[in-house]
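The values are calculated or read from the model by the stated rules, or taken from the named source; none is laboratory data. From a predicted model like this one, the values you see are computed outputs, not experimental measurements. Positions of Cβ are backbone-derived with ideal geometry, glycine not excepted, and every protein chain shown enters the neighbour counts.
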Amino acid sequence: MMAEPRGDVAGGGVPAPPVPRVRAPWSIRPARAAEDLERVRLWMQAPHVAAFWNQAWTAERWRAELERQLGGVHSLPCMLDFEGVPLAYLEVYRVVRDRLAGHYPERPRDLGVHVAIGDLGRTGRGLGRALLREVAEGLLAADPLCTRVVAEPDSRNAPSLRAFTAAGFRTVGPITLPDKNATLLIYPRSEEDLP
């Protein structure tokens, strides 16, 4: 079965997730298996990431995962740099095509984001909150019809929850997903866009 092309609109005319429009000193691009595979694999094996992502996979499995995402319209794997240095792996996704759909009153254009800062030495310095705010604003800029960016980190991940709320995400409440108890957070375009 062939994967749908990235630009195809599926699921009620909702386009694939866009690359966030970030500003310097940030830069972002879709991940490329050929050059990013080993970095993503190593980051996912770092204890502070593996504890919550549960994806300390082999290179082969990660190659297949990146290719699957890049070939579809559900999610887009991205590499984010700060001042020209790789900082984080992100997955931008459309909520209507995700397991998160139905856990809150989602809108067709809602975008979600998963974020992993791979180098523990670059955490706890305010970069996470700055990254999250820049990515949320960048997603709203990339899709003018999107009114909310959401996240659902593991409820046990206190540093992540602090970073999201410091970045302007609002806590909606707890949700139960198949592999975790999560906290739903929303970054709204305006106050009227909160549930």
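ASP81 meets all of the listed conditions (1) over 16 Å from HIS114 (Cα atoms); (2) surrounded by fewer than 16 Cβ atoms within 10 Å (Cβ to Cβ); (3) in contact (Cβ under 8 Å) with a residue 40 or more places away in the chain but one, namely (1).
Given GLU134, GLU192, which one is acidic (Asp, Glu) and over 13 Å from the mean Cα position of the chain (by Cα)?
Within the list GLU134, GLU192, the selection yields GLU192.
Checked against (1) at pLDDT below 95; (2) among the small types (Gly, Ala, Ser); (3) on the phi < 0 side of the Ramachandran plot, GLY124 passes all but a single condition, namely (3). Here GLY118 passes the criteria (1) under 16 Å from the mean Cα position of the chain (by Cα); (2) at pLDDT 95 or above except the one numbered (2). Of all residues in segment 91-106, those satisfying the criterion of being surrounded by fewer than 21 Cβ atoms within 10 Å (Cβ to Cβ) and touching a residue at least 60 places away in the same chain (Cβ under 8 Å) are VAL96, ARG97, ARG99, HIS103, TYR104, PRO105.
Identification of strands (runs of 3 or more DSSP E) wholly contained in segment 51-158 with 3 or more residues that are under 17 Å from LEU37 (Cβ atoms) and among the hydrophobic types (A, V, I, L, M, F, W, C) yields 75-82. Of the residues making up segment 21-49, those that are surrounded by fewer than 16 Cβ atoms within 10 Å (Cβ to Cβ), at pLDDT 95 or above and aliphatic (A, V, I, L, M) are ALA24, LEU42.
Taken over segment 112-127, the criterion of being surrounded by fewer than 19 Cβ atoms within 10 Å (Cβ to Cβ) and small (Gly, Ala, Ser) is satisfied by GLY121, GLY124, GLY126.
Out of curiosity, is ARG109 in contact with a strand residue (DSSP E or B) (Cβ under 7 Å, 6 or more places away or on another chain), basic (Lys, Arg), modelled with pLDDT of 95 or more and crowded, with 21+ Cβ neighbours inside 10 Å?
no
For segment 147-168, a residue qualifies if it is among the hydrophobic types (A, V, I, L, M, F, W, C) and either out of contact with any Leu (no Cβ under 9 Å at 6 or more places or on another chain) or farther than 21 Å from VAL49 by Cα (or both), and the qualifying residues are VAL149, ALA158.
Taken as a whole, the structure leaves ARG156 outside the set of residues that are at pLDDT below 95 and more than 14 Å from the chain's Cα centre (by Cα).
Checking the conditions here, which among LEU161, LEU185 is modelled with pLDDT of 95 or more, under 17 Å from the mean Cα position of the chain (by Cα) and either under 15 Å from GLY112 (Cβ atoms) or among the basic types (Lys, Arg) (or both)? Outline the logic, then answer.
Working: LEU161 fails: either under 15 Å from GLY112 (Cβ atoms) or among the basic types (Lys, Arg) (or both).
It is LEU185.
Scanning segment 178-195 for residues that are part of a strand (DSSP E or B) and either surrounded by 14 or more Cβ atoms within 10 Å (Cβ to Cβ) or in contact with a helix residue (DSSP H, G or I) (Cβ under 8 Å, 6 or more places away or on another chain) (or both) returns LYS180, ALA182, THR183, LEU184, LEU185, ILE186, TYR187, PRO188.
Here ALA64 passes the criteria (1) of a type outside the set (Asp, Glu); (2) under 17 Å from the mean Cα position of the chain (by Cα); (3) over 19 Å from ASP119 (Cα atoms) except the one numbered (2).
Residues in segment 108-135 that are in contact (Cβ under 8 Å) with a residue 60 or more places away in the chain and either under 15 Å from ARG23 (Cβ atoms) or among the small types (Gly, Ala, Ser) (or both): 5 in all.
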